[in-house]
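> Just dropping this structure here.
The values are calculated or read from the model by the stated rules, or taken from the named source; none is laboratory data. A quick note: this is a predicted structure, and the numbers were derived from the prediction, not measured. Cβ: placed from backbone, ideal geometry, glycine included. Neighbour counts: every protein chain shown. Heavy atoms of the whole protein, side chains included, go into the accessibility calculation; ligands, DNA and RNA do not. Shrake-Rupley method; radii C 1.70, N 1.55, O 1.52, S 1.80 Å.
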Amino acid sequence: MSLTGTPFLYTTIVLAVVALILPLVLWSRVRGPKALRAAVRVLMLLFAQGTAITLVFVLVNNSNNLYDNWADLIGTGNHVQQAANLGADGTGGIAYKKLPKVQQKFSQADGPAMHAAGGVKVTQLKGRVSGVNAEVYVWLPPEYNEPAYKNRKFPVVELLSGYPGSAKAWFGSLKVHEQLAPLMKSGRVAPFILVSPRTNLIAKIDTGCANIPGTVNADSWLSIDVPKMITDNFRAQSGPDGWATAGYSAGAHCATKLTVAHPDRYRAAVSLSGYNDPIGERNSLAAGSLDLRRANNPYDILKGYRTPPRIALYISGENGDGYQAGVALEQIAKPPTYVRVVFLPRSAGGHSMALWRPQVPTVFEWLTMELTGHSAPGHTSASTPLSPLTPSSGGSTHAELASGSASRAGGARKP
């Protein structure tokens, strides 16, 4: 029975109701020695508490898409087949663009909201470069199957979840496809192909979207294997001009890092409550050493460019939870690198889906401008500043700004 499936949810509801009724009906009817009666009553109470806790967990998990299946929950899932040393560019010298086409079979994805807005497809992809074997979810815009667009290639946004988190979360919790479908039809948002690959590849630890020889090649999985599969199977634009990343929490760090590190593969990134220094997620493999932290810190990567890359970053967050990370990048960015920082008040929702979900229309309008060069009529330009009008360090030190963890509690938060 699937952890996130409707049958399991209904089963937990029924068991919780039964567990509540049992003591009411049987409490005074238990027969036998005093010790036996006490033991039976204790078992009924424990059963009631256990089913109640299970039901609450299932509801919270389905709402936030933290664990996708039993293997993720128990900590037995491992999606890494091999992790060769692929070098600085993550290709291992493989001319991946010349590899045979990846022909994938897709099926209808199951779970909350997976059937909405035309439905989300899923496939199991074996990464030829990365050695990762994991699922990838794909949603096609309403225009994709319309005759007028039969010869058109579509821009792509790669959606990255937090840790712990399911690749379904952008669809199930943030409802990105349900929010964007009407905006695409009205012309406010470009018809993007939305791609959400698994980012939680090793049990009980965050990969930090890093390549670590002998352990995992998460960067190559996300920036090479997944994009190639999409362009091989759909009418998708090629990178970098047609590709962007977007993420929340640990996924926000990944989105920024991938785009800053690979301007030849991505043009823009959206970061919702992210961080720069991988130590922002203490369970991250990329936080394992100072060298790994520097190699996967978008602040250090951007600062190290002799020629600034042509990329655009949209970074939103609260004070101590994403905002300082954006300010740090904004302060060192030089044209053609563009960084837009959006300050969110504490009252906006905290480090949660409640904060990120309402931002979906705004960030995709911004992505529309950055990837297509066109904004919707009557809407502000992507260069129009949002609150606050002038950057603020919030009293943070330079080192804290660079890491994006001015508030350690905020820097270590999880969704």
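> List pairs: first residue in the range 26-54 and closer than 27 Å to T12 by Cβ, second residue open to solvent by less than 70 Å² (accessible area, probe 1.4 Å) and polar (S, T, N, Q) anywhere in the structure, Cβ distance under 9 angstrom, at least six positions apart or on different chains.
Every condition considered, the pairs that remain are T51/T12; T54/T12.
> Let me spell it out: the conditions are (1) at pLDDT 95 or above; (2) loosely packed, with under 15 Cβ neighbours inside 10 Å, and V342 meets all of them except one. Which number is the exception?
(2)
> For the range 234-263, how many residues are open to solvent by 10 Å² or more (accessible area, probe 1.4 Å) and either in contact with a strand residue (DSSP E or B) (Cβ under 8 Å, 6 or more places away or on another chain) or in a loop (DSSP other than H, G, I, E, B) (or both)?
So the first thing to find is which residues in the range 234-263 are open to solvent by 10 Å² or more (accessible area, probe 1.4 Å), and the list is 234-235, 237-241, 261-263.
Right, trim to either in contact with a strand residue (DSSP E or B) (Cβ under 8 Å, 6 or more places away or on another chain) or in a loop (DSSP other than H, G, I, E, B) (or both) and you get 234-235, 237-241, 262-263.
So the count comes out to 9.
> Let me ask you something else. Just for the range 170-187: of the residues that are touching a Ser or Thr at 6+ places or on another chain (Cβ under 8 Å) and modelled with pLDDT of 95 or more, which one is surrounded by the fewest Cβ atoms within 10 Å (Cβ to Cβ)? Step through it out loud before you land on a result.
Taking the range 170-187 as the starting set, the residues that turn out to be touching a Ser or Thr at 6+ places or on another chain (Cβ under 8 Å) are 170-173.
Those left that are additionally modelled with pLDDT of 95 or more: 170-171.
Details: W170: 30, F171: 27.
For the range 170-187, the residue satisfying everything is F171.
> Within the range 23-40, count every residue that is open to solvent by 60 Å² or more (accessible area, probe 1.4 Å), touching a helix residue (DSSP H, G or I) at 6+ places or on another chain (Cβ under 9 Å) and either modelled with pLDDT under 85 or part of a helix (DSSP H, G or I) (or both). It would help to see each step written out before you state the result.
Our first condition is that a residue be open to solvent by 60 Å² or more (accessible area, probe 1.4 Å); within the range 23-40, this holds for 24-29, 31, 33-37.
Filter again for touching a helix residue (DSSP H, G or I) at 6+ places or on another chain (Cβ under 9 Å), leaving 26-27, 31.
Add one more test, that the residue is either modelled with pLDDT under 85 or part of a helix (DSSP H, G or I) (or both), and what stays is 26-27.
Count: 2.
> Show the residue pairs meeting these rules: Cβ distance below 9 Å; 6+ apart or different chains; first residue within the range 260-278 and basic (K, R); second residue assigned to a loop (DSSP other than H, G, I, E, B) and open to solvent by 20 Å² or more (accessible area, probe 1.4 Å).
Going by the 9 Å Cβ cut-off, the qualifying pairs are R265/G239; R265/P240; R267/G239; R267/P240; R267/D241; R267/R310.
> Within 30 Å of N296 (Cβ to Cβ), polar (S, T, N, Q) and modelled with pLDDT under 95: which single residue out of N133, N145, N151, N85 fits that description?
Working: N133 fails: modelled with pLDDT under 95; N145 fails: within 30 Å of N296 (Cβ to Cβ); N151 fails: within 30 Å of N296 (Cβ to Cβ).
The unique qualifying residue is N85.
> Based on this model, can you work out whether R282 counts as at pLDDT 95 or above and open to solvent by 10 Å² or more (accessible area, probe 1.4 Å)? Please lay out each step first, then the result.
Numbers: at pLDDT 95 or above: no; open to solvent by 10 Å² or more (accessible area, probe 1.4 Å): yes.
Spelling it out, it is not the case that R282 is at pLDDT 95 or above and open to solvent by 10 Å² or more (accessible area, probe 1.4 Å).
> Taking interchain pairs and intrachain pairs at least six residues apart, which have beta carbon atoms under 6 angstrom, with the first residue in the range 80-95 and part of a strand (DSSP E or B) and the second open to solvent by less than 40 Å² (accessible area, probe 1.4 Å)?
Between residues of the range 80-95 that are part of a strand (DSSP E or B) and residues that are open to solvent by less than 40 Å² (accessible area, probe 1.4 Å), the close pairs are V80/V132; V80/L201; V80/V216.
> Return only the number of the condition from (1) farther than 24 Å from L201 by Cβ; (2) without any contact (Cβ under 8 Å) to a residue 40 or more places away in the chain; (3) open to solvent by 40 Å² or more (accessible area, probe 1.4 Å); (4) not in a loop (DSSP other than H, G, I, E, B) that R293 does not satisfy.
Going through the list (1) farther than 24 Å from L201 by Cβ; (2) without any contact (Cβ under 8 Å) to a residue 40 or more places away in the chain; (3) open to solvent by 40 Å² or more (accessible area, probe 1.4 Å); (4) not in a loop (DSSP other than H, G, I, E, B), R293 breaks only (1).
> Taking the criterion of being of a type outside the set (S, T, N, Q) and touching a Pro at 6+ places or on another chain (Cβ under 8 Å), would at least one residue in the range 268-279 satisfy it?
Of the residues in the range 268-279, the ones of a type outside the set (S, T, N, Q) are 268-270, 272, 274-275, 277-279.
Retained after the next criterion (residues that are touching a Pro at 6+ places or on another chain (Cβ under 8 Å)): none.
Within the range 268-279 (the criterion being of a type outside the set (S, T, N, Q) and touching a Pro at 6+ places or on another chain (Cβ under 8 Å)), the answer is no, since none of the residues qualifies.
> Could you tell me whether any residue of the range 192-203 is under 30 Å from D277 (Cβ atoms), in a strand (DSSP E or B), open to solvent by 10 Å² or more (accessible area, probe 1.4 Å) and in contact with a Lys or Arg (Cβ under 6 Å, 6 or more places away or on another chain)?
So far as the range 192-203 goes, no, none of its residues is under 30 Å from D277 (Cβ atoms), in a strand (DSSP E or B), open to solvent by 10 Å² or more (accessible area, probe 1.4 Å) and in contact with a Lys or Arg (Cβ under 6 Å, 6 or more places away or on another chain).
> Criterion first (touching a Leu at 6+ places or on another chain (Cβ under 7 Å) and modelled with pLDDT under 95) does I212 satisfy it? Break it down into steps so the answer makes sense when it comes.
On the way: touching a Leu at 6+ places or on another chain (Cβ under 7 Å): yes; modelled with pLDDT under 95: no.
Answer is no for this residue.
> Looking at the range 137-163, which of its residues are under 12 Å from the mean Cα position of the chain (by Cα) and either surrounded by fewer than 24 Cβ atoms within 10 Å (Cβ to Cβ) or without any contact (Cβ under 8 Å) to a residue 12 or more places away in the chain (or both)?
Hit for the range 137-163 is Y163, nothing else.
> Take N276 and tell me if it is among the polar types (S, T, N, Q) and touching a Leu at 6+ places or on another chain (Cβ under 8 Å). Full working, then the answer.
Numbers: among the polar types (S, T, N, Q): yes; touching a Leu at 6+ places or on another chain (Cβ under 8 Å): yes.
So N276 passes the test.
> Now a separate question. Could you give me the residue pairs with C-beta distances under 6 Å whose first residue belongs to the range 348-362 and is open to solvent by less than 40 Å² (accessible area, probe 1.4 Å), whose second residue is at pLDDT below 90 and not in a helix (DSSP H, G or I) wherever it lies, and which are 6+ apart or on separate chains?
What qualifies is H351/R413; L355/G349.
> What's the number of the condition Y266 fails, among (1) out of contact with any Cys (no Cβ under 7 Å at 6 or more places or on another chain); (2) assigned to a helix (DSSP H, G or I); (3) within 21 Å of L99 (Cβ to Cβ)?
Every listed condition holds for Y266 apart from (2).
> Would you check if A333 is at pLDDT 95 or above, over 20 Å from A169 (Cα atoms), open to solvent by 10 Å² or more (accessible area, probe 1.4 Å) and out of contact with any Cys (no Cβ under 8 Å at 6 or more places or on another chain)? Show your work before the answer.
Working: at pLDDT 95 or above: yes; over 20 Å from A169 (Cα atoms): yes; open to solvent by 10 Å² or more (accessible area, probe 1.4 Å): yes; out of contact with any Cys (no Cβ under 8 Å at 6 or more places or on another chain): yes.
Here the answer is yes, as A333 does meet what is asked.
> Are there any pairs, at least 6 apart or on different chains, whose C-beta atoms fall under 7 Å, with the first in the range 220-231 and buried (at least 24 other Cβ atoms within 10 Å of the Cβ) and the second part of a helix (DSSP H, G or I) and of a type in the set (S, T, Y), and if so, which?
Every condition considered, the pairs that remain are I224/Y96.
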